[in-house]
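The values are calculated or read from the model by the stated rules, or taken from the named source; none is laboratory data. All figures in this text were calculated on a predicted structure; none of them were measured in a lab. When we count neighbours, we look across all protein chains shown, and the Cβ atoms used for this are built from the backbone with ideal geometry, even at glycine. To get the accessible areas, we keep the full protein, side chains included, count just its heavy atoms, and leave off ligands, DNA and RNA. Shrake-Rupley method; radii C 1.70, N 1.55, O 1.52, S 1.80 Å.
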Amino acid sequence: MAFADLREFVAHLEKAGQLRRISAPVSRDLEITEITDRVSKRAGDDNVALLFENVEGCSMPLLINAFGSPARMAAALGVEALDDLSARVAKLLDLRMPGTLFDKLRRLGDLFDLAKAGPKRVRSAPCQEVVETANPSLAALPALRCWPGDAGRYITLPMVFTRDPATRARNVGMYRLQVYDERTLGMHWQIHKGSAEHHRVAAERGNPRMEVAIALGGDPVSIYAGSAPLPPGVDEMVFAGWLRGSGVPMVACKTVDLEVPAEAEIVLEGWVDPAERRLEGPFGDHTGYYSLARDYPVFHLQAVTRRKSPIYPTTIVGRPPQEDYWLGKATERIFLPIIRLLLPEVIDMNMPAEGVFHNLVIVSIKKRYPGQARKVMFALWGLGLMMLAKNILIVSEHVDVQNLSEVAWRATGNVDPKRDLVLVEGPADDLDHSALRHRFGGKLGIDATEKTEADGIGQPWPEEIVMTPEIRERVTRRWADYGLS
Ligand SMILES: Cc1cc2nc3c(=O)[nH]c(=O)nc-3n(C[C@H](O)[C@H](O)[C@H](O)COP(=O)(O)O)c2cc1C
Ligand SMILES: [Mn+2]
């Protein structure tokens, strides 16, 4: 089931006991961060979404941690468990010629789902119940000051809409926005990202202005889609429509030639001057460190449209695990079948919270020939935003990459540093504070697969210890006899 808008999702979470309303007055300066950080690091059902109804000095309720658990993330995307996402994508990518008539009809059904995925243009929209063009202002938004060292307040869960000035192709990205004043925002699209490329094209063409629309809220699938690293030119709204099972209703903006999800809560319309830069940050980031202040483009507000009583959605990032880890986990599950299509030896992958996405990617492979682990590393380093992966660890197919204890055991035992480490350099994540220099640094590939003669071992590779099935079965059967309970 896909939710039509943020309110439906909130209602679902509340009914499922996954949301708490906080009516006590709270400050948006640091206090909400501390509360949310504690709740998002709790285990199980104590980790809930939070709806702050009384943010001091603001009339809008503030929603946070709505995606912050596996159950909520799955619910947001209309599946029972995040692994179901892999199955859905794998089904879509299955290009084998269907055999039986039944298979053919089922395949037709998949393609029909895809045909329904296109955005639906609507003329009137909840996100335009109120239109403020005369004197637009950001002042009503309960934007958070997240951490003590932050340069200011930030909008942290936006969908940023741009078009390629040459092809008119749409991009949607989740890029944080620093609130400079009531009309200006810092636009933190990093150099490797979709809208940064649009911005570059606009600058190259000498365009004086590039139109931008920022949507806050909307259906949860669309919100998530802004964070998905789709290939350039692939429309996040078509992707969202496919995930939802129905096209996202979109409405034309009032003052810019862009469309936004009709069900959004708040929309900020405006523009970026391709030649303008302003210092953005520092910002307490998802690495657990402050990202440094750097020059970024500037968004100028020219209109606000919104619902009559909007909910303001936001998140905080900081030392993991936090809400963004689950947004990333959904991406990991969705992209696994795509990676497997290109690299069929890949079995599973894990980007653990401790690795904050780019720092550590663990991949299991079915190895057939020497050097195959290296082949997979190099392929991943050439694949979209995987180019930013700093450490790639390859293990054999039978290793459970989701089990970090097993991974540590295998990786330390199966690796000879002289033979199994690959040290290269390449593009580094914008936020990698340890890189050689900004956006460029070293990368480590670790081949932790078991080695064979073909890998050039200098001593026989031992067998792994496993008990015989007969004894295991016998002990299981007799367990009660031993009095061990
Ligand atoms: C909570 C959150 C905040 C993010 N903030 C930024 C950001 O400030 N700048 C950025 O370039 N990417 C940020 N990202 C990552 C992008 O959303 C992600 O790379 C996405 O692929 C961008 O869309 P694009 O591929 O169309 O550029 C953030 C992701 C999340 C989940
Ligand atoms: Mn994109």
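Calculation over all alpha carbon pairs of the range 1-107 in 5 angstrom steps from 0 returns a P(r) of 2, 11, 18, 17, 14, 11, 7, 6, 5, 4, 3, 2, 1 percent. Per atom type, the range 31-163 shows carbon and sulfur on 56% of its accessible surface, probed at 1.4 Å.
Each listed q (0.24, 0.25 Å⁻¹) maps to a log10 I(q)/I(0) for the range 332-423, found by the Debye formula over equal Cα scatterers with no solvent: -1.52, -1.66. Between the residues L177, P136, M210, the greatest Cα displacement towards the positive end of the dipole of the range 69-210, with unit charges on the Cβ of Lys, Arg, Asp and Glu, is found for M210.
Accessible area per residue was computed with a 1.4 Å probe on protein heavy atoms; H398 scores about 100 Å². For the chain, the relative contact order comes to 15 percent (Cα pairs under 8 Å, sequence separation of at least 6).
On a per residue basis, the convex hull of the C-alpha atoms belonging to the range 102-180 measures out at 220 Å³.
On a 26 Å Cα-Cα criterion, which of the cross-link pairs K254/K308; K193/K418; K390/K418; K193/K329; K15/K193 come out too long? Long pairs (Cα-Cα over 26 Å): K193/K418; K15/K193. Across the protein chains, with a 1.4 Å probe defining accessible surface, the residues K390, K418, K91, K451 rank K418, K91, K390, K451 from largest area downward. With the charge dipole of the range 331-485 set up from +1 on Lys and Arg Cβ and -1 on Asp and Glu Cβ about the Cα centre, the Cα lying farthest toward the positive end among the listed residues L383, V363, N350 is that of L383.
For the range 109-189, chymotrypsin sites (Phe, Trp or Tyr not before Pro) meeting the loop criterion (DSSP other than H, G, I, E, B) and having at most 11 other Cβ atoms within 10 Å: none. When the helices of the chain are scored as -39500 (n - 2.57) per DSSP H run of n ≥ 4 and the total is divided over every residue, the value at 222 nm lands at -8000 deg cm²/dmol. Whole-percent P(r), the chain, all Cα pairs, 10 Å bins from 0: 4, 18, 27, 26, 15, 7, 3, 1, 0.
Remark: the L93-L111 segment gains 5.4 nm on full extension, using 0.36 nm per residue and subtracting the alpha carbon distance. Segment A24..D46, full-extension length gain: 6.0 nm, with 0.36 nm per residue of separation and the alpha-carbon distance subtracted.
Taking all Cα pairs closer than 8 Å and separated by 6 or more residues, the relative contact order of the range 197-305 comes to 29 percent.
Using only the alpha-carbon atoms, how far is helix 83-93 inclined from the longest principal axis of the chain? Give it as 0 to 90 degrees, nearest 10. The angle comes out at about 90 degrees. Taking all protein chains together and rolling a 1.4 Å probe, M351 ends up with roughly 30 Å² accessible. Entry for the range 287-366 at q = 0.14, 0.17 Å⁻¹: log10 I(q)/I(0) = -0.73, -0.88, Debye formula applied to identical alpha-carbon scatterers, no solvent contribution. Expressed as a whole number of Å, what is the distance separating the alpha-carbon centroids of the range 240-256 and the range 45-76? Cα centroid to Cα centroid, the span is 23 Å. Placing unit charges on the Cβ atoms only, positive for Lys and Arg and negative for Asp and Glu, gives the range 251-322 a dipole magnitude near 280 debye about its Cα centre. Computed from Cα atoms, the angle from the helix 194-204 axis to the main principal axis of the chain rounds to 60 degrees.
For the range 394-432 and the range 113-174, what is the separation of their Cα centres, given in Å? Result: 38 Å between the Cα centres.
Rounded to the nearest 20, the size of the Cβ-charge dipole of the chain about its Cα centre is 800 debye, with Lys and Arg at +1 and Asp and Glu at -1.
For the chain, the longest principal axis of the alpha carbon atoms and the long axis of helix 323-342 meet at an angle near 60°.
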